[in-house]
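The values are calculated or read from the model by the stated rules, or taken from the named source; none is laboratory data. Owing to the predicted nature of the structure, the values given are computational and were not obtained by experimental measurement. Cβ atoms come from the backbone with ideal geometry, glycine included; neighbour counts cover every protein chain shown.
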Amino acid sequence: MKKGRADKQALIQYRLDQAREVLKDAHALYDLERTPISIVNRAYYSMFYAVLALMISIDKDTAKHQGALAYFDEYFVKQKVFPKEMSRLIHDAFESRQEGDYRESSRIDRETAGEILQSADVFLEMVEKKLSESSSS
């Protein structure tokens, strides 16, 4: 059953709110000089929640990170809604998050965490702009 427009907008807004909150957490962790792994984790999740918002906008759903990234690439990058650079940003963040969370020896340093944090800022801003344009048309 398809969701009504109001329900869909509420769910998109919920995902964007999640994205903003975890991005704030990532910035706080960075400012407090906490572990780069934690900063990358929160920055990546901001991007992931933004992708989930995009997926809701096109009536797609997945519980898996790889599936969400594949949908993003297929429906938003290949269709030229977003530049290829956006795909690189989220895939780099995903790989770094995987490294930090699951590998016994991580090479993520503060500089890398800062770069991913900046990428998350850009990514979320672009997604919010696109969704804002879509909802007003």
Might you let me know whether the range 21-39 holds any residue that is touching a helix residue (DSSP H, G or I) at 6+ places or on another chain (Cβ under 6 Å), without any contact (Cβ under 8 Å) to a residue 60 or more places away in the chain, assigned to a helix (DSSP H, G or I) and within 15 Å of residue 128 (Cβ to Cβ)? yes
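Kindly indicate whether residue 17 is more than 13 Å from the chain's Cα centre (by Cα) and either among the acidic types (Asp, Glu) or surrounded by fewer than 16 Cβ atoms within 10 Å (Cβ to Cβ) (or both). Show your work before the answer.
On the way: more than 13 Å from the chain's Cα centre (by Cα): no; either among the acidic types (Asp, Glu) or surrounded by fewer than 16 Cβ atoms within 10 Å (Cβ to Cβ) (or both): yes.
Taking the combined requirement at face value, the residue does not satisfy it.
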Determine which member of the set 76, 123, 82, 94 is closer than 22 Å to residue 18 by Cβ and either more than 15 Å from the chain's Cα centre (by Cα) or touching a residue at least 60 places away in the same chain (Cβ under 8 Å) (or both). 123
I'm checking my understanding of the structure. Among residues of the range 95-126 that are in a loop (DSSP other than H, G, I, E, B) and surrounded by fewer than 16 Cβ atoms within 10 Å (Cβ to Cβ), which one is modelled with the lowest pLDDT? 105
Here's a check for you: in the range 83-94, which residue that is closer than 14 Å to residue 54 by Cα and in contact with a Leu (Cβ under 9 Å, 6 or more places away or on another chain) is surrounded by the fewest Cβ atoms within 10 Å (Cβ to Cβ)? 87
Only one residue in 63, 70 is surrounded by 12 or more Cβ atoms within 10 Å (Cβ to Cβ) and of a type in the set (A, V, I, L, M, F, W, C). Which one? 70
Single unsatisfied condition, residue 18 versus (1) closer than 21 Å to residue 134 by Cα; (2) part of a helix (DSSP H, G or I); (3) in contact (Cβ under 8 Å) with a residue 40 or more places away in the chain: (3)
